[in-house]
Amino acid sequence: MLSARLTNARFLTMDPDHPVAHDLGIWRGRIAGLDEAVTSLPAREVIDLQGATVLPGFVDAHVHLAWTGLKEDTPSIAGLTRIDDVLAVVEQAAGRQGPPGSWVNVVGYDQRALGRHLTAAELDEAGHGRKVYLQHDSGHGCVVNSAVLSLLPAGTPHENGFLAEGAMGAVRALRPPYSQKELARAIGRAARTCLAEGVTACAEAGIGGTLFGHSPVELGAYQLAREDGLLPLRVQLMVSADRLRRVAAHEADGIPRAFGLGLRTGFGDDRLSVGALKVYTDGGMMARTAALGSPYEGLDHAGQLQDDPDVLAETIVDGHLAGWQLAVHAIGDRAADLALDALERAQRLRPRPGARHRIEHAGLIRPDQLPRFARLGVSAVVQPNFLRCFGDDYAAVMGEERAPWLYRGRAFLDHGIPLVGSSDRPVADGSPLRAVQFMVERASGSGRAIGPDEGITVDEALRAYTVAGAFACHWEDGLGSLTPGKLADLVVLGDDPRRVDTSRIGDIEVVATYVDGRDTGFVAHGPMQHEATDNARAKR
């Protein structure tokens with residue numbers, strides 16, 4: 001007997017062998033069959049979806065769950081445009097903290113909204129003797145006051161209290177770590193937000209590291225979240241490469257550096273597992289630290305790499321030799337050159353055709369770099385909502401020639417490069433549907449067209465968040481399409497993205513999300529008719 005049969009819906013399966021269905025059967029958390037294969041089978045429950053459209057649950061291949069959840073519960077200055085208003089929020093937050101010397105954390109900082117960076121002196125006055133830390137929305141910078149600067153090693157680079165990349169990491173290392181319980185609650189908050197937007201599986205983009213880590217025992221926080229019932233979706237954890245340590249493994253293993261007992265990609269199960277090794281090669285475009293081949297428009301610099309190029313390349317090669325899938329953060333084209341060179345060298349040393357290495361962001365990719373992506377079999381894990389939210393600014397700092405190369409779509413697909421959708425939440429809006437809309441129309445929030453030739457079809461955009469996302473995470477055997485035998489993770493939509501006007505895709509209602517064939521209950525959906533069958537009643 002089926003656990004449930006979902007009926008009266010338009011199932012867009014993303015499976016070319018059976019692209020559209022009207023009924024779907026579920027048994028033990030998996031898809032038992034479609035249409036005629038299940039309509040005559042007894043079911044404990046028949047759920048009438050009343051004409052809704054159903055897709056495989058969206059896969060967000062690059063998120064920051066703990067950061068998202070912590071940000072939701074931290075004082076924020078997001079949206080403020082006046083320095084005085086920002087300082088008032090800081091002062092209010094400082095007043096709620098402990099005695100002088102305690103830390104004050106504030107999020108939502110973006111100098112672009114204010115017209116300039118805040119200064120350490122301004123934060124000194126608002127902080128009243130506390131250590132003030134303002135997190136830049138990009139995650140690649142912070143502003144601190146003199147109480148924090150005085151704790152840093154002499155010569156730590158900063159600009160009147162603004163620190164970027166490694167210097168920011170030095171500040172983060174001074175702050176007390178979050179407890180596993182705090183992190184588990186934060187992860188749970190973010191997971192519920194994901195489910196409400198139709199995301200049923202995601203890849204956490206870097207735990208335990210200097211830049212984005214929250215605790216040296218952060219992996220345990222995800223285990224705790226699962227044990228406490230706070231992890232209602234599937235999560236794959238990328239481990240930050242700065243946790244690699246030299247090891248004296250057997251020479252036949254060829255492993256120069258490893259992470260804890262040789263742990264690598266693939267450990268875990270279909271609910272919580274270890275994914276790629278995350279390697280940061282440059283910064284972010286919002287903070288003007290993405291490493292470009294030529295300077296930002298109107299500025300006298302071209303961003304920065306995270307470390308000496310040889311050190312970064314060695315880390316990539318060592319991770320490959322140790323058996324990891326690699327997720328290489330490279331936003332600027334100069335960083336992408338470094339990543340591609342190192343991946344090519346790694347594959348020469350030890351060919352691993354099935355490694356499925358990824359370039360995270362691939363924010364600015366020159367035309368000459370596209371064939372190299374294809375030749376190496378590297379996936380491009382992009383964040384379309386970056387351009388929807390920040391596109392006007394990004395296009396301006398890239399200039400007329402480079403703006404069409406931003407967060408490409410069509411060029412990747414035309415070169416046979418796997419195009420994978422993701423959000424990088426909380427840096428940008430996490431909605432897959434709004435990202436799909438941008439991938440098709442290539443219009444920023446203001447309506448500005450950014451690289452219109454990079455637009456793709458609705459079907460191709462949906463594949464980026466289902467089939468391609470699952471493939472990038474080595475989940476294709478269980479996720480990505482509504483195929484018999486796969487896990488019954490579904491998103492129920494109020495309309496069909498392929499049939500509405502493109503401008504309406506982002507506003508389609510998420511009616512419900514299913515994980516393991518069960519409605520997660522994290523969406524305030526409209527009425528769906530649940531009917532217990534006579535066979536099921538007889539067994540009660």
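The values are calculated or read from the model by the stated rules, or taken from the named source; none is laboratory data. This one's a predicted model, so the numbers in the text were calculated from it and none came from an experiment. Quick reminder, even Gly has a Cβ in these numbers, built from the backbone with ideal geometry, and neighbours come from all protein chains shown. Ligands, DNA and RNA are stripped out before the accessible areas are found, and what is left, the full protein with its side chains, is counted by its heavy atoms. Shrake-Rupley method; radii C 1.70, N 1.55, O 1.52, S 1.80 Å.
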The chain - mean residue ellipticity at 222 nm from DSSP helices (-39,500 (n - 2.57) per run, n ≥ 4, rounded to 500): -9000 deg cm²/dmol
Amide N proximity, segment 79-122 versus Leu174 label position 7 Å along Cα-to-Cβ, cut-off under 14 Å: 101-105, 120-121
Solvent-accessible area, 1.4 Å probe, carbon plus sulfur percent, for segment 40-160: 50
Expected-Rg normalisation [2.2 N^0.38 Å, Cα atoms] applied to segment 61-159: 1.06
Added length on full extension, which subtracts the Cα-Cα distance from 0.36 nm per residue, His301 to Glu45: 85.9 nm
Enclosed volume per residue, in Å³, of the convex hull spanned by Cα atoms of segment 265-415: 121
Calculated over the chain: convex hull of Cα atoms, volume per residue (Å³): 160
Sites matching trypsin sites (Lys or Arg not before Pro) across segment 1-85 that sit in DSSP coil, with at most 14 neighbouring C-beta atoms within 10 Å: Arg28, Arg82
Gain in span if fully extended, Asp507 to Thr74, counting 0.36 nm per residue against the direct Cα distance: 153.1 nm
Square roots of five times the Cα gyration tensor eigenvalues for segment 187-239, Å: 19, 13, 9
Heavy atoms of Ile83: accessible area, 1.4 Å probe, square angstrom to 10: 30
Between segment 323-381 and segment 78-128, the Cα center-to-center distance that results, in Å: 39
Low-density loop positions, trypsin sites (Lys or Arg not before Pro), segment 261-301 - DSSP coil, at most 16 other Cβ in 10 Å: Arg271
Sites matching GluC sites (Glu not before Pro) across segment 188-282 that sit in DSSP coil, with at most 10 neighbouring C-beta atoms within 10 Å: Glu251
Ratio Rg/Rh, restricted to segment 332-436 and using Cα atoms, in which Rh is the Kirkwood radius: 0.98
Residue order for Val144, Val89, Val311 - accessible surface, 1.4 angstrom probe, largest first: Val311, Val89, Val144
Accessible heavy-atom area order of Thr457, Thr281, highest first, probe of 1.4 Å: Thr457, Thr281
Fraction of beta bridges assigned by DSSP in the chain that are antiparallel (%, nearest 5): 50
Overall dimensions of segment 366-424 by Cα: Rg and Dmax, Å: 11.9, 32
Residue-level accessible surface for Thr502, protein heavy atoms, 1.4 Å, Å²: 40
Area accessible to solvent at Asp300, 1.4 Å probe radius, in Å²: 150
11 Å beta-carbon shell around Asp269, net charge (K/R +1, D/E -1): +2
Scattering profile of segment 386-498 at q = 0.15, 0.19 Å⁻¹ [log10 I(q)/I(0), Debye over alpha-carbon scatterers]: -0.69, -1.04
